[in-house]
1. Where both partners of a DSSP beta bridge lie in the stretch 1-151, what percent of those bridges are antiparallel, to the nearest 5?
2. Nearest 10 degrees is fine. How inclined is helix 131-140 to the longest principal axis of the chain, computing both from alpha carbons?
3. For the chain, give the share of DSSP beta bridges that are antiparallel, in percent and rounded to the nearest 5; count only bridges with both residues there.
4. Provide 258, 156 in ascending order of the number of other Cβ atoms located within 10 Å of each residue's Cβ, fewest first.
5. Return the calculated 222 nm mean residue ellipticity for the chain, to the nearest 500 deg cm²/dmol, obtained by summing -39500 (n - 2.57) across DSSP H runs with n ≥ 4 and dividing by the residue count.
6. Pop the C-beta distance of residue 281 and residue 133 into the FRET formula with R0 = 30 Å and round what comes out to the nearest 0.05.
7. Counting pairwise Cα distances across the stretch 108-180, what percent come out greater than 17 angstrom?
8. Kindly state, to the nearest 0.05, the FRET efficiency for residue 241 paired with residue 141, given R0 = 35 Å and r defined as their beta-carbon distance.
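Read the figures in this text as sums done on the coordinates, not as results from a lab. Just so we're clear, the structure is a prediction, and the values are computed from it rather than from any experiment. Cβ atoms come from the backbone with ideal geometry, glycine included; neighbour counts cover every protein chain shown.
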């Protein structure tokens, strides 16, 4: 939604969507806000607990069934397996997404990888549509005055205008724009801990073809999984930046990540957004 800075400051129950790449400071910023006043909605947490909960468990069970000792215990109902997804621990979601490549190195066949990507795409759309319901529940049931949607980094990849329109109708969309220096830091950090990622299928097909050609691979099932993730991440990062900016230009406002990092409390946050609205309103 678009509004004046005065309208924003006078908005009694503020609802905000934070949009940015992982590492830009979304979750850190959300954690600086008073927990008794701001309901923290994590899109990735909702995906992992509601929409991918069963597929994630099925994947874990499948791995466990390959271990004879665990297989016997599972088949006799002597043990059970559960997720422990939290806002601060999304590893089960990442492990389900997986990486393309050699199964002996923990990779997934391309068809299975794409199947999981499609499940994640569907789940992320559903989680973003849930935002309006949770805004209502956060206040009516739990008594939270304000709401912050810590959206996943791949929201810009959904290519679904209706989802963005829904978010813009119910929240003020704020894009945290990173500096070239921070971009370099995020990319460098990814090399030491390459994480599973969501890709648009068109982007994945294009980049995978280039990677295989440049590195003389003829079969994606022989690729070392981390090798492809490390190679593709800077390209994915660069591709997402204009997509974030386009969403902010159309539906919301942009904050500088360096300014966001200096926020220490709720007042700083509110004033920073109000100033951005003034600066970016024609």
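1. Details: 1 of 11 bridges.
Roughly 10 percent of the DSSP beta bridges within the stretch 1-151 come out antiparallel.
2. The two axes meet at around 60 degrees.
3. On the way: 1 of 20 bridges.
Just about 5 percent of them are antiparallel.
4. Details: 258 14, 156 24.
Ordered from fewest to most neighbouring Cβ atoms within 10 Å, 258, 156 come out as 258, 156.
5. -17000 deg cm²/dmol
6. Details: r = 30 Å, r/R0 = 0.99.
With a Förster radius of 30 Å, E is 0.50.
7. On the way: 1403 of 2628 pairs.
When all Cα pairs of the stretch 108-180 are counted, 53 percent exceed 17 Å.
8. On the way: r = 37 Å, r/R0 = 1.07.
Approximately 0.40, to the nearest 0.05.
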